[in-house]
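Report on one structure; see the data block that follows.
Any read-out appearing in this document is the output of simple, stated calculations on the displayed coordinates, not a laboratory observation. From a predicted model like this one, the values you see are computed outputs, not experimental measurements. Counting neighbours? That spans all protein chains shown, and the Cβs are built from the backbone with ideal geometry, glycine included.
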């Protein structure tokens, strides 16, 4: 689902780089907005995020994506 900030077919994915972080979120999940700006990391695709964080992050259980 495209949003006002992403082209059709693309979605931004977010996680925290903090050592205690467990989850990642898509742009439709409001929870990413509560992540600390100091640790916030964004990626152009879920695959790009997992290329960096595989094995250390899981998709948020109530994700809308």
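A few comments on the model shown:
- If you go through the range 25-41 and keep only what is assigned to a strand (DSSP E or B) and over 9 Å from residue 13 (Cα atoms), you end up with just 40.
- Close Cβ contacts (under 7 Å, 6 or more residues apart or on different chains) running from residues in the range 44-64 that are within 11 Å of residue 23 (Cβ to Cβ) to residues that are assigned to a loop (DSSP other than H, G, I, E, B) comprise 57/21; 57/22; 58/22; 60/29; 63/29.
- The range 42-59: number of residues that are within 12 Å of residue 27 (Cβ to Cβ) and assigned to a loop (DSSP other than H, G, I, E, B): 2
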